[in-house]
Amino acid sequence: MSGVTFGDIFFIIMVGGGVYLILFFVNRSRSARLPKNASTADIISDDTILSILTENKTVALVGASSDPSRPSHHVLEYLLREGYTVFPINPLEEKILGHPVRKSLADLPQHPEIVVVFRRPEHVPDITRQAAAMKARVLWLQEGVISHEGLDTARSAGMAVVMDRCIRKEHRRLVGGHSDVGD
């Protein structure tokens with residue numbers, strides 16, 4: 001098993017006078033959540049994700065919601081609290097958390113560095129083309145959003161792609177942000 005680190009070893013059990021080493025290898029690549037035709041090239045390293053999160057501070061959040069029960073609402077709130085400049089995108093909303101909501105990426109006052117997508121996979125290719133036209137650096141597809149066409153389009157435009165991962169969870173795991181938003 002190449003690529004296994006000490007972080008992949010879960011625990012050691014001590015029973016009576018004996019010590020038993022039990023190893024559990026975690027599929028940290030999360031490839032189990034990707035379709036069978038996904039390749040290891042679709043997997044992005046923790047170091048790359050950390051760089052994305054620390055070097056890019058302007059985010060367009062496509063599919064933002066004013067409904068506090070929606071994951072996009074929690075992510076928006078979290079990113080704002082963590083100091084990101086976030087532009088919510090949703091043609092059906094006016095304001096979310098006091099911030100004006102844009103109808104589309106084309107309506108943004110500046111180019112986003114990261115485009116986070118909370119939309120169904122069939123919408124991703126069009127969103128990706130818009131993000132590429134705006135010279136976004138990163139296309140981030142939230143958990144459950146998998147689009148190989150979007151992946152190919154983004155990579156052709158020179159964008160980094162994070163697919164099927166939650167930006168809030170990854171930020172908390174790798175950077176260590178606030179834990180009180182949406183928990």
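The values are calculated or read from the model by the stated rules, or taken from the named source; none is laboratory data. This one's a predicted model, so the numbers in the text were calculated from it and none came from an experiment. We work out accessible area using only protein heavy atoms, side chains counted, and drop any ligands, DNA or RNA first. Shrake-Rupley method; radii C 1.70, N 1.55, O 1.52, S 1.80 Å.
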TODO: Could you calculate, for the range 54-99, the ratio of the Cα radius of gyration to the Kirkwood radius, expressed as Rg to Rh?
DONE: 0.94
Open item on the list: Let me make sure I get this right: for the range 76-183, a, b and c are the square roots of the gyration tensor eigenvalues over alpha carbons, sorted descending. Under 1.5 in a/c it's rounded, otherwise prolate if a/b > b/c, else oblate. Which is it?
Closed with: oblate
Task: With DNA, RNA and ligands ignored, accessible area of S156 (1.4 Å probe; Å², nearest 10) - done: 110
Open item on the list: For Cα pairs less than 8 Å apart in space and 6+ apart in sequence, what is the mean separation divided by the residue count of the range 89-175, i.e. the relative contact order in percent?
Closed with: 24
Open item on the list: Tell me the carbon and sulfur percent of the accessible area for the range 84-171, rounded to whole percent, probe radius 1.4 Å.
Closed with: 49
